[in-house]
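The values are calculated or read from the model by the stated rules, or taken from the named source; none is laboratory data. Just so you know, these numbers come straight off a predicted model, no measurement behind them. Backbone-built Cβ (ideal geometry, glycine too); neighbour counts: all protein chains shown. Just the protein is used for accessible areas: all its heavy atoms, side chains included, with ligands, DNA and RNA removed. Shrake-Rupley method; radii C 1.70, N 1.55, O 1.52, S 1.80 Å.
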Amino acid sequence: RIDLQELGPTFIKAGQMMSVRPDVLPPATLEELTKLQDSVEPFDTDVAVAQIERELGGPLGQFFSSISQEPVAAASLAQVYKATLKDDNTTQVAIKVQRPNVLSTVSKDLYVLRRAAEVFQGLVERFAPQQKTNY
């Protein structure tokens, strides 16, 4: 799990998908990978606040009467904060904030994985042509 976290959002997402496959992985591994669903290492709250303010076009106090100091959940692509809307001070909302640079990181990861799959396909066709790999 920790290795997947260090590799970044694309690999965390892969770990999340594997965490629901008891037919493939042993229970201890599934238990560890399940932590990737909502307990990934969060990014800095100051970065999240700056992003929220930039996207809403003003300071948090203009929109919310309160917001959690720490995320209530952090996963592969985003983390979530609990807040109360300023308009009536009773409506609670969840603010989902995308991880910094997640789009470019995932795009690069997918490019590398796609190229690796192409190379692997070529190797299989050359050295094991009897293997079916074009599913």
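Taking only Cα atoms, what is the 0 to 90° angle, nearest 10, from helix 102-127's long axis to the longest principal axis of the chain? With rounding to tens, the tilt is 10 degrees. Placing a label point 7 Å from the Cα of residue 89 along the Cα-to-Cβ line, the residues of segment 45-68 whose backbone N sits under 19 Å from it are 60-68. Residues in the chain average 68 Å² of solvent-accessible surface per residue, probe 1.4 Å, ligands and nucleic acids excluded.
Rounded to the nearest 20 debye, the dipole size of segment 44-115 about its Cα centre is 460 debye, using +1 on the Cβ of Lys and Arg and -1 on the Cβ of Asp and Glu. Working from Cα pairs under 8 Å separated by at least six residues, relative contact order for segment 6-135 is 20 percent. Ordering 51, 130, 113 by Cα displacement along the dipole of segment 42-135 toward the positive end leaves 130 in first place; charges were set at the Cβ atoms of Lys, Arg (+1) and Asp, Glu (-1).
Report, as a whole number in µm² per second, the diffusion coefficient that Stokes-Einstein gives for segment 3-135 at 20 °C and 1.002 mPa s using the Kirkwood radius over alpha carbon pairs. Kindly include the intermediate steps, with their values, before the conclusion.
Working: Rh = 17.6 Å.
Result for D is 122 µm²/s.
Rounded to the nearest 20 debye, the dipole size of the chain about its Cα centre is 520 debye, using +1 on the Cβ of Lys and Arg and -1 on the Cβ of Asp and Glu.
How large, in percent, is the carbon and sulfur part of the accessible surface of segment 80-135 at a probe radius of 1.4 Å? It is 56 percent, rounded to a whole number.
Would you mind estimating how fast segment 40-113 diffuses translationally, via Stokes-Einstein at 25 °C and 0.890 mPa s with the Kirkwood radius over Cα pairs, in µm²/s? Translational D for this selection: 185 µm²/s.
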